[in-house]
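S.K.: Take a look at the following structure, please.
The values are calculated or read from the model by the stated rules, or taken from the named source; none is laboratory data. None of the values given here were measured: they were computed from a predicted structure. Cβ placement follows ideal geometry from the backbone for every residue including glycine, while neighbour counts extend to all protein chains displayed. Areas reflect the complete protein model, heavy atoms only, side chains present, ligands, DNA and RNA absent. Shrake-Rupley method; radii C 1.70, N 1.55, O 1.52, S 1.80 Å.
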Amino acid sequence: MLKKIQAWKKSQDPGTQSFEERKERVKKQAVPEHIAIIMDGNGRWAQKRALPRMMGHHEGMKVVRQITKAASQLGVKALTLYAFSTENWKRPKVEVEFLMKLPEEFLTTFLPELIEENVQVRIMGDKSELPSHTLRAVDKAIDETKDNTGLILNFALNYGSRHEIVKAVQAIAKDVESNNLNPSEINDELFSSYLMSKSLQDPDLLIRTSGELRLSNFMLWQLAYTEFWFTNVLWPDFKENHLIEAIEAFQNRGRRFGGV
C-alpha cells in the first residue's frame, strides 16, 4: 500500500514527469481553448549573452515553432502571439527592419510544417503599414492554410488594442450615422463583432514572459475575464514544459466570471 501511495505521489509531481506524461495528464482536464502570449525578453536574452538584440529575436522565432506545435498537441484551438505592436515602430530602424523580415523567414521556412500540422495562419493588426515583402509572406501563409481545421495560429502584427477599439467605435458610429445600426442595439457582443479578433473567442489564458507585469496595449477588451500567468523566463528560453506549467496553473483556478 505504501509503495502505491508513493507511486501516486510521484505521478502527481510535475518535476518527476516527462513532457509527454504531463501532456497526457493535462489533456484529461479542460485545456484553455484560446491562449494569448506576449512574447517578451528577446532583447534581454541577447544582451545577457553579449549578442546583438536581433539574435534574441531570431532565437525567439524558433520558440514560436516549438510552442505552436506543443499547443496543437495539447488540443488548444487558437494561439494568439503578440509579434509586433503599433508602438514597436519607435525602436531603432535597423531593429524594426529585422523584425519585419522575421515573419517572412518564419512562414517561408515552416509553412510546409504548419500545413502538415493542420495549422491555420491568421493575422490581426493594421496591415497597411507593413512592408510589401512581409505582407506577401503573410498573405501566402493565410491563403495556403485557410482550409486547415486544426490550431489557429493568430499573429498580432502591427497591432495595438487602443487603435483597434478606436477603429471599432468609428465603424459603429458610421453604421449608426448611415442608419444601418440603432444605438440601442449596441452591447458587448455587437462591439466584439467590430474588433479584429471577431472570429475568435476571447482568450482563456494570457501568458507573458520575462517578468514584466503589464498588458502593453494587448487585447484590452478581450482579456476582461482571461486568466493571467506571468513568468520570469525570457521568451527565447520558454519551452514546452513552461507552457504545460501555465496550463496546469489555469486548470487549478476557479473561473467565476463575476459570479460566486
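S.K.: What does the accessible area of His242 come to, in Å² to the nearest 10, when a probe of 1.4 Å is used?
M.R.: Solvent-accessible area, nearest 10 Å²: 30 Å².
S.K.: Here is a follow-up. Would you mind computing, in nm to one decimal, how far apart the modelled labels at Ser184 and Val94 are, each placed 7 Å from Cα along Cα→Cβ?
M.R.: Modelled inter-label distance: 6.2 nm.
S.K.: Mind checking the angle between helix 2-12 and the chain's longest principal axis? C-alpha axes, 0 to 90 degrees, to the nearest 10.
M.R.: It works out to around 20 degrees.
S.K.: What full-extension length gain, to one decimal in nm, is calculated for Arg44 and Gln201 as 0.36 nm per residue of separation minus the Cα-Cα distance?
M.R.: Length gained between Arg44 and Gln201: 53.3 nm.
S.K.: Let me ask something else about it. In degrees, nearest 10, range 0 to 90: what is the angle between the Cα axis of helix 161-177 and the longest Cα principal axis of the chain?
M.R.: 40
S.K.: Expressed as a whole number of Å, what is the distance separating the alpha-carbon centroids of the range 66-98 and the range 186-260?
M.R.: Result: 14 Å between the Cα centres.
S.K.: Which whole-number percent is the relative contact order of the chain (Cα, under 8 Å, 6+ apart)?
M.R.: 26
S.K.: Check Ser85: other-chain or 5+ apart residues with amide H under 5 Å from its amide H, H built from backbone geometry?
M.R.: Asn158, Tyr159
S.K.: Check each of the trypsin sites (Lys or Arg not before Pro) in the range 148-214 and keep only those in coil by DSSP with at most 15 other C-beta atoms within 10 angstrom; list them in order.
M.R.: For trypsin sites (Lys or Arg not before Pro) across the range 148-214 that sit outside H, G, I, E and B with at most 15 neighbouring Cβ atoms in 10 Å, the list reads Lys198, Arg214.
S.K.: Also, I was wondering about something else. Amide H of Glu227 versus every other amide H placed in the peptide plane: which residues, excluding those fewer than 5 positions away on the same chain, fall under 5 Å?
M.R.: Leu205, Leu206
S.K.: Got a sec to turn the phi values of the range 127-140 into Karplus ³J(HN,Hα) couplings, 6.51 cos²θ - 1.76 cosθ + 1.60 with θ = phi - 60°, whole Hz, x for Gly and Pro?
M.R.: Ordered by residue, 3J(HN,Hα) equals 6, 5, 9, 6, x, 4, 5, 5, 5, 4, 5, 5, 4, 5 Hz.
S.K.: What full-extension length gain, to one decimal in nm, is calculated for Glu129 and Glu177 as 0.36 nm per residue of separation minus the Cα-Cα distance?
M.R.: 14.5 nm
S.K.: Return the sequence-ordered ³J(HN,Hα) values of the range 62-78 in whole Hz as given by the Karplus equation 6.51 cos²θ - 1.76 cosθ + 1.60 applied to θ = phi - 60°, using x for Gly and Pro.
M.R.: Per-residue couplings from phi come out as 5, 5, 4, 4, 5, 6, 4, 5, 5, 4, 4, 5, 7, x, 5, 8, 9 Hz.
S.K.: If you average 1/r over every pair of different alpha-carbon atoms in the range 104-251 and take one over that average, what Kirkwood value in Å do you get?
M.R.: 17.6
S.K.: Shifting gears a bit: Which pairs break 24 Å Cα to Cα here: Lys23/Lys140; Lys23/Lys239; Lys101/Lys127?
M.R.: Correct reply: Lys23/Lys140.
S.K.: Helix 93-116 against the longest principal axis of the chain: what's the angle in degrees, Cα atoms only, rounded to the nearest 10?
M.R.: 60
S.K.: Using heavy-atom solvent-accessible surface (probe 1.4 Å) with all chains present, what is the largest-first order of Trp45, Trp235, Trp89?
M.R.: The residues order as Trp89, Trp45, Trp235, largest area first.
S.K.: Simple spin-label model, 7 Å along Cα-to-Cβ: Ser193 to Arg25 in nm?
M.R.: Each label point is offset 7 Å from its Cα along the Cβ direction, giving 4.4 nm.
S.K.: Rounded to the nearest whole Å², what accessible area per residue is found for the chain with the 1.4 Å probe?
M.R.: Here the per-residue accessible area is 54 Å².
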